Amino acid sequence: MVAMITDVSTQMKRASLAETVYGSVRTAIVLGKYRPNERLVESELATVLGASRTPVREALQRLASEGLVIKGRQGFRVREFTLAEIREVYEVRIALEGCASRLAATRATDTQLDELDEIVHAHDRLLNGAPRVEVSQIIELNDRFHNGVIASGGNERLAALAETNRLYYFNTELAGLYTKDQLLASLKDHGWILESLRRHDGDMAEMLTRRHISTALELIEEKFA
């Protein structure tokens, strides 16, 4: 019995480590730390993450199945998305997040709305108060807001689809495309979306969300075309 419990405990720790490694590498790719077409060497990642090569290999294989990395003759490398692929990702975002906002207008709890409000205010302080804006902080706050709205929709299947589609949202390269005025405009959009949720106006919430993401897509198309 003791041996069985020990074995189960070991498996749980291994699974937890694999999930941690996967999350770390995935985040680094999405945030742009690892650039498109950059090789991902198992031994180097294992050293950086303080893990063995086995969970690193499992993480890379999982990321390959999601389409974030590609396995070739020389190992794994970060996938470079074409403009057409990025456009498809954002078109799906428009549909899913628009629906999530409509649902959130009637399902969001006061606690969830207050949390979104805190994110908007933190974003405002960052853009208008800090002498130097860290791109990573902008990305984090942007993601937290959109994730919060999706979660407030109360539809786990929709949330899972949104997460699966989350291959190329707002990484360092995309964040660098925004001027200060455009970042402020994006923040203002978040405020309007939140206000529509507080008023339980599903039509307005969906419209604002769809327009917000469409504007981001237009910027990407303009810069990368």
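Taking the criterion of being of a type in the set (A, V, I, L, M) and in contact with an Asp or Glu (Cβ under 7 Å, 6 or more places away or on another chain), the residues of the stretch 183-217 that qualify are Leu187, Leu194, Leu208, Ile213.
Comparison of Val78, Val120 shows that the only residue that is closer than 24 Å to Ala216 by Cβ and in contact with a His (Cβ under 7 Å, 6 or more places away or on another chain) is Val120. Within the stretch 141-180, being among the acidic types (Asp, Glu) and modelled with pLDDT under 85 holds for one residue alone: Glu173. Among residues of the stretch 153-167 that are outside the structural domain of Gln112 (by TED's automatic domain parsing) and surrounded by fewer than 11 Cβ atoms within 10 Å (Cβ to Cβ), none has a Cβ under 8 angstrom from a residue that is among the aliphatic types (A, V, I, L, M) and assigned to a helix (DSSP H, G or I) at a sequence gap of 6+ or on a separate chain.
Does Gln137 satisfy the criteria of being within 18 Å of the chain's Cα centre (by Cα), without any contact (Cβ under 8 Å) to a residue 12 or more places away in the chain and not in a strand (DSSP E or B)? Spelling it out, Gln137 is indeed within 18 Å of the chain's Cα centre (by Cα), without any contact (Cβ under 8 Å) to a residue 12 or more places away in the chain and not in a strand (DSSP E or B). Within the stretch 196-219, the set of residues being surrounded by 15 or more Cβ atoms within 10 Å (Cβ to Cβ) and either modelled with pLDDT under 95 or of a type in the set (A, V, I, L, M) (or both) comprises Leu197, Met204, Ala205, Met207, Leu208, Ile213, Ala216, Leu217, Leu219. Picking from residues in the stretch 51-78 that are within 13 Å of Val25 (Cβ to Cβ) and not in a helix (DSSP H, G or I), the one that is modelled with the lowest pLDDT is Leu68. Tell me yes or no: at least one residue of the stretch 125-134 is surrounded by fewer than 16 Cβ atoms within 10 Å (Cβ to Cβ), of a type in the set (Asp, Glu), assigned to a loop (DSSP other than H, G, I, E, B) and in the same structural domain as Leu219 (by TED's automatic domain parsing). Yes, because at least one residue in the stretch 125-134 is surrounded by fewer than 16 Cβ atoms within 10 Å (Cβ to Cβ), of a type in the set (Asp, Glu), assigned to a loop (DSSP other than H, G, I, E, B) and in the same structural domain as Leu219 (by TED's automatic domain parsing).
Residues being surrounded by 19 or more Cβ atoms within 10 Å (Cβ to Cβ), part of a helix (DSSP H, G or I) and of a type in the set (Val, Ile, Thr) are represented in the stretch 27-44 by at least one member.
Being under 18 Å from the mean Cα position of the chain (by Cα), assigned by TED's automatic domain parsing to the domain that holds Asp143 and within 18 Å of Leu96 (Cβ to Cβ) is a condition met by at least one residue of the stretch 199-210.
The values are calculated or read from the model by the stated rules, or taken from the named source; none is laboratory data. Being a predicted model, the structure only gives us computed values, none of them experimental. Cβ: placed from backbone, ideal geometry, glycine included. Neighbour counts: every protein chain shown.
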